[in-house]
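> One structure, pasted below without further comment.
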Amino acid sequence: MKTVLSCLRYIFISFEFFICLVGIFVFVFWPSQLVWLSRCIGNSTEFLKYSCFLPIGLVIYDSRYVRSILFPKSDTTNLFQNWNLYFDFKMGCVIGLVYAVGFGVLGIVCFFFDWKRPAAFQSAFLLTSIVGAVIVTASFYLHSIKIEEVFKQHAGSRS
């Protein structure tokens, strides 16, 4: 039961979920601004169409980067994997990857839209996928920095 609650916490109490909610909120309450933004940014419809590949690239990057987070090079004694909260941390990383894949799929869906006449939902999907993918990547990056800090502090306290 504790594992399920922890999993739900990672899903619903996260920046990624907040980005999804903001995307829905903006689509519902300000659709005309989304269309206006798409027209301003996308004088070249190809720019909007191919900007959908950014989340896909970040998914590929994240999938490789999570491995270095879960198995840091500075942890030669597997201290991190033996940590009592490691499974919880690993579950957070996996859920982050699931969000990243979701944002990547949303990017793929956006690629097939007709960007010559953008609709509000198209812009909402595109913005949500790009911002969400960037948030996931930034989150992983900040986690890796924190882990390196802890290992350096631990190595300094042992000597």
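We did not get these values from a lab; they are worked out from the coordinates using the rules stated. These numbers were taken from a predicted model, which means no experiment stands behind them. Here the Cβ positions follow ideal geometry from the backbone for every residue, glycine too, while neighbour counts run over all protein chains shown.
> Taking neighbour Cβ counts within 10 Å as the exposure measure, how do C93, C110, C52, C7 sort from fewest upward?
Going from least to most buried by this count: C7, C93, C52, C110.
> Ranking request for peptides 96-109, 68-81, 122-135: highest mean number of other beta-carbon atoms within 10 Å first, then the rest in descending order.
122-135, 96-109, 68-81
> Using only the Cα atoms, work out Rg/Rh for the chain, with Rh taken as the Kirkwood radius, to two decimals.
Here the Rg-to-Rh quotient is 1.09.
> I'd like the isolated cysteines in the chain, meaning no second cysteine's beta-carbon lies under 4.7 angstrom from theirs.
Lacking a cysteine Cβ partner under 4.7 Å: C7, C20, C40, C93.
> Charges at C-beta only: +1 for Lys and Arg, -1 for Asp and Glu. How large is the resulting dipole of the chain about its Cα centre, in Debye rounded to 20?
80
> Also: How do H143, H154 rank when sorted from fewest to most other Cβ atoms within 10 Å of their own Cβ?
With the sparsest Cβ surroundings first, the list reads H154, H143.
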